[in-house]
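Values quoted throughout were computed directly from the atomic coordinates according to the rules given, and no laboratory measurement underlies them. Worth saying up front: this structure is predicted, and the values here are computed from it rather than measured. Counting neighbours? That spans all protein chains shown, and the Cβs are built from the backbone with ideal geometry, glycine included.
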Amino acid sequence: MSSLRHTKDLDDELHAPDGHAAVERFRRIYLTATLVTGVLVIAALWTVAHVLDSAQDDGHLSHLAGRQRMLSQRVASQAAIFTTATDENLANVARARATDALDTLHAAHAELSAHVEQRRGDGDGSERTWARLTEVEAQLASLAAAADAVFEAGANGSDRDGMPALVRAVEAEAEDLLASSELVALDLESAARQHLSSLDELVRALCLLATLVLTGKLFLVLRPITKSLRRAFERSAQRQRELARLSRELGAIHAAIDEHMIVSVADERGTIVEANSAFCQLSGYSREELVGHPHSIVNSGQHDPAFWDDMWRTVKSGRAWRAEICNRKKDGSLYWVDSTIVAQVDGDGRAHRYVSIRFDITEKHRHLEQLAHLQGSFERAIRATKDGLWDHDLVTGTVWYGDQFKRLLRIPPEEFAAFGSKLSNFLDRIHPEDFERTRQVIAEHTASGEPFDMVYRVRTNAGEYRWFGERGNATLDENGVVTRLSGSISDIHENYIMRSRLDLATRAARIGLWDWDVSTGATYFSDTWFTMLGYEPGELPSELATWQKLVHPDDLEAAFEDVGRHMSGETDIYVNEHRLRCKDGSWTWIRDIGEIVERDAEGNPERIIGVHMDTQALHDAVETANDGNRAKSEFLANMSHEIRSPMTAIVGFAEILEELIESAFDRTDERVDDRRDDRDTVERSHNAIRTILANCEHLLTIVDDVLDMSKIEAGQVHIELLPTEPVQVVEHAVDLLRLRAEGKGIGLHVELDGPLPATIETDPTRLRQILLNLLGNAIKFTELGRVTMRVTCDPSTETIAFRVEDTGIGMTPKQRDLIARFEPFRQADASTTRSFGGTGLGLRISNALAQMLGGGLTIESCMGVGSAFTATVGTGSLVGVELRSASDREQRALAAASTARRVAARRPGPLQGLPLEGRTVLVAEDGADNQRLIGLMLKRAGASVEFVNNGRAAVDRLLTDSDGRTLPDVVLMDVQMPELDGHAATRELRAAGFAGPVIALTANAMQGDRERCLAAGCSDYLSKPIDREALVRTCVEWAQRGGGGVESVRAPQDGKIESAPSLVPSLVPSGEGARAGDGSGLGSRSGVGEDEGLALKSAIGPHSNSALEDNGSCAESGNDSGSASNGSLEGERRAEGDHTAGDADAAA
C-alpha cells in the first residue's frame, strides 16, 4: 500500500504547475541520448556486418583454392586410370571423370579470379594474389592440354608405348598447378587473418563507445529524476499522517460492514484482493484461498456468459450493478446472494477496483425452488400423458379445458384465456363429416352413463384438420343422473395416417396380413389376404385349417418344416414360398414371412404374425428369363456349330494345301536359279495359306470369347478349388509365350518377390487363363524392352498377386479409366482396334475370373512408359503351408529345370510310317466337305475309311452288318446330323451292346457339351475344327485299345459319367487342371493340353510348326499366326495363339 501512495505522490509532483517544465526537459534529454545511442549502434552493426562479409568471402575463396588442388590431383589420377584400363567402359568412365574435373577447375578458377579482381587495390595483398592466379591460369591450360593428349592417344591407340610419358606430363602439370594453388591459398588465408584482426579492433572500440554513452545518459537523465523523487517523498510524509487519521475512521465503518454483510474487493482483472470473514464463512474457503484468485473460484456455472458481460459492462461504466447470483461453495453445494457491485476510480476516473457487497438469500431461493418443483411435477405429469384434459359440468354448462388440451389444438399460450369455457368453442372445430356421429356418441353416453371412445377430426389454430381420439366417462349423482362428463383427447393424426397408408399399401401391393394364436389355433386374416386369392373378406373361417386347405399338397410339408424350424429357434424368421389355391381353382405363388412375437413363461411360442406376398409375377418373370437364357444358349450353340462346321473343312484343307505347297517349295529349292519365279510363287502361296489359318483361328477365338462371356454372365462358370503350385502355373504360362516374345525381340522374365506358398487353393485352369491373357496382352503391345511377371504373396490377407509389367505403348489416364471399367467390347480407342485388333472381352473375362477366385484385376499405366496389370486371387488358408523363398540365381535355375523337365515329359515321340495301316474307321458325317477332309486325313495315315450320312445309317451299319463286313476299329460320330443325331445314335448302339470305340465330333463349344457326349456313351470327344494330329493320335489310341464302348464308359457312384483312362490326357502336366478335349483351336482340339499340341505337330508333320513360327500377313491385324485353343472356360488359350480376348482391353 505504501508503494502505491509513493507513486501517487510522484504523480502529483510531476503534475504540479512547476513540474511540467522539468518533465519536458527530462523528455528532451532522454530522447536525444536515445537517438545518439541508436545511431552509434547502427553504425557499429553496419561496420561489423561489412567485416564479417569480407571474412566470409575470404573463407569461400580459400575453399575454392583448396578445391583446385584436389581437382588437379583427380585429373592426374583419372588420366593414369585411363591408360591402364583394360575395359573400354572403365576407360570411358575415367575420361569422363577427368573431363568433369577439368571443367570444375576452370569454373572454380574463374570464380576465384573474379573475387580477387574486385579486391585489387585494397592493400591486403590482392595484387600479389592476382599475379599468382595469372600463373595458375596458364598452368591450368597446360594441364588440360596434357590430359587431352593422353585421351587422344588412348582413343587412336596408335602409340601405346608413349602413353606413360604423356601421363607423367599430366602429373607434372598437376604438381605445378598444385604448388601455385598452395601459394594462392596462403595469400587468401593471410588476407582473412587481416580482416579478423580488424574486426577485433572494431569490437573493442564499440565497447568503449557504448560505455561512454551509457555514462553520459546516466548523468544527464537519471540525476534530475532522483532530485524530484526526493522532494516528492518529503511531501508524501505529511500526507501519510493525514491518511492514518482517515484510516482509523474508515476502520470503524469497515468493522460494522464486515459484521453484517459479505464483502470482497477485486482488481480490474477480477482477481480477489480482499475478502471479509462473512465471505469466507459462507463460501467455505479461507482468506488465503480466496485472495489472489479470480471470482470464478465460486462460479457455479448457473449463469450464461451474457449475464456476466452485462455485469462488466455496467461496472466499467462507473454505474452500480445489482443482481441475484448463484455461487458454489468449496464443498460443491450452491448458495444464492443478492449482490451489489460498485467501482472505485482513480484520479483519471478509471475504475481500478470493484467492491462487492452481498446478502445471503439461499433460504429464499430454496423455498422458491421447492414451489417451482411442485408446479413443474404437476405440469410434467399432465404433459407426459400427451392427453388434453377436459371437464364438462352439465348442471352449470361450463367446461374446463386444460392447457395441454389447448396446446393440442395449436392454441398459443397468450390465447388460452380467450378460448373460454364454452362447449361450443370446441364443437365448432369438429369436421362437418364427423360432427353428427360425434354428437350422437356423446348423447348416448350421457343417457347411459357408459364410457365412450371415438375418433374424429378437429380443426387446429393452424387451419388444418387432424385426427383425434377422445375417451370420456360420466359422474352420476345419488339419483343416478349424469351431472358431469370428464375425459381427454389425444392427437393420433400421424398414427392414423400411417395405419391408413399401411392398409392402402398392403392392398395395392397385394400383401396379406395374418396373426396366428398358436395355443388356440385362431388366426386373423386381413381383407387383402382374402382378396388376393379372389375371396371376399371374411368369406373363409379365421383358423389355421383354412390356410392348410389352400396350400398346394406338394408344398405343405416344406412349409410346416420351415415353421417348425422357426418355432424351435433354428431360424430368426419363418420364410417359405408355396402355392395357394385361388377361388377360381388356379394356383398362385405366395411368399410367406412370419416371426414369433410372444412366448409363454417357458419360452414356447404363443403368437406368430406375418405377411403373405404375391410372387406369381416374379415367378412368371423368372420363367420368362429362363426361357430367354435357354434361347440364348441354343442360339450360341447353333452359332458355334454353324461357324465351326465349315471351319473344319477350311482349316483342314488349308493345312493339307500348306503341306503340298511346302513339298513344292522344297523341290523348288533344289532347282537352279533360272526357276526363281516359280520359287517366289510357291513362297507367296505358302504365306497366303498361313494367313488363312491364322485368321480362321482368330475367328474361332472371337467366338470362344463370346461364349466365355455368355457363361460368366449366365453364372454357369464353376470354380474347382484344387491344391495348386503357383510357381508352376506361372512357369507354364511363361514357357508357352516365350517363343512369341523372343520372336518380337523382347525379354520375358519372372521375378518371385518374397516367400511364396508352395501350394494354394485355387482353380489352376482359370488362373492359367488369366495369366496367359495378361502376358499375351503385354507382349502384343510391347515392341521394345521387356515383359516381367512379378509374383508376391500377402499371408495376412491370404492373397497372391501376379503383376505383369511391360514397356509398351501405355495409356493416358482417360484411356486407363475407360479400360478399368471392364466393359465388354471396349478398347482404349478406335486406333487400338485398327493397330492391334481384338474383341474387347479378354480383360472383362479375366477380371470376372479373378473375382471368382477371391481377388480382382487392377490397372496402372503411363503413356509412352508402359503398363502394369495386377491380378490377385485368394490363396485359401496358409496354415501349415510352406513358404518358399529363393535367390535370383536359384529362381532361374529352378525355372529352367522345371521347364526342361516339363517339356521333356510332355513331348510325345513321333508317329512313324502309317500309324493307322490295317485299321478301319467309320465316319458318320453329313457334310460332304468334312467327309472328304476327314477321309483324306485318315487315308494319309493308312486307314480304310467308310462313310455314312447320318446317325441312323451308322446304327444300321454297326448293328445289322448285312453284307458280312467286319466292324470298324473306330467310329467317328458327328453330333448334329439329320434323321438321328450322334447322341441318340450312340445311345442306341450302347443299348444294343455295341462295345467299340465311338469318338464324338462336335462343332459346339458350350459348357457341358463334352459331358453330354460322354453321358451318351461316347468313348472320347473331339471338337471342330478338327486338328489332324489329334484326330490321328486319338484314332490310334482307341484302335490299339480294341474296345472302349460300354466297358470303357463307366458311371461312378456320384452319378457322373467319365471316359476311361486315355493315352492323350497323360500328356497333360499334372496339377495344372488341364482338361482333355476342351480346346477347339489348332493344336489342342484333340483333348491334349495346350502346349502339348506343339509336340503333336512336330511329331506328325512340320507344316503346322511353320504356321506357328511365322506371323505371316496376319501380323497387321495384331494376331499371331499360330493360334491355340478356343480359350473357353473349359480349356485355355494357347500361348502362341491369338490373345485378342485380352489384347483389346489392355491397350497397353
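Ordering 711, 316 from the fewest to the most neighbouring beta carbons within 10 Å gives 316, 711.
Taken over region 405-558, the ratio of Cα radius of gyration to 2.2 N^0.38 Å equals 1.51. Derived scalar couplings between HN and Hα for region 953-958 equal 5, 5, 5, 4, 5, 7 Hz in order, rounded to whole Hz, by the Karplus curve 6.51 cos²θ - 1.76 cosθ + 1.60 (θ = phi - 60°), x for Gly and Pro. Take each peptide in 1020-1026, 589-595, 35-41, count the other Cβ atoms within 10 Å of every residue, and average; sorted highest first, the result is 1020-1026, 589-595, 35-41.
Legend: distances between Cα atoms for 316/364; 632/1024; 939/1024; 711/744; pairs beyond 24 Å are 316/364; 711/744.
Counting other beta carbons within 10 Å of each Cβ, put 869, 419, 307, 468 in order, fewest first.
Working: 869 28, 419 15, 307 11, 468 23.
Ranking 869, 419, 307, 468 by Cβ neighbours within 10 Å, fewest first, gives 307, 419, 468, 869.
Sorting 875, 134, 799 by the number of Cβ atoms found within 10 Å of their own Cβ, with the fewest placed first, yields 134, 799, 875. Computed from the alpha carbon positions, the gyration tensor of region 261-369 leads to an equivalent ellipsoid with semi-axes of 23, 16, 12 Å, biggest first.
Can you give the net charge of the other residues whose Cβ lies under 12 Å from the Cβ of residue 264, counting K and R as +1 and D and E as -1? Around residue 264, the surrounding residues sum to 0.
When only alpha carbons of region 389-491 are considered, Rg and Dmax amount to 13.6, 44 Å. As a rough guide to protection, the peptides 434-444, 165-175 ranked by mean Cβ packing within 10 Å, highest first, stand as 165-175, 434-444.
Each Lys or Arg adds one and each Asp or Glu subtracts one; over the other residues with Cβ under 15 Å from the Cβ of residue 430, this totals 0.
Classify region 510-614 as rounded, prolate or oblate from the Cα gyration tensor: take a ≥ b ≥ c as the square roots of its eigenvalues, call it rounded if a/c is under 1.5, otherwise prolate when a/b beats b/c and oblate if not. Prolate shape, in that a/c is at least 1.5 and a/b is the bigger ratio.
Near residue 415, once Lys and Arg are set to +1 and Asp and Glu to -1 for all other residues with Cβ below 13 Å from its Cβ, the sum equals +1.
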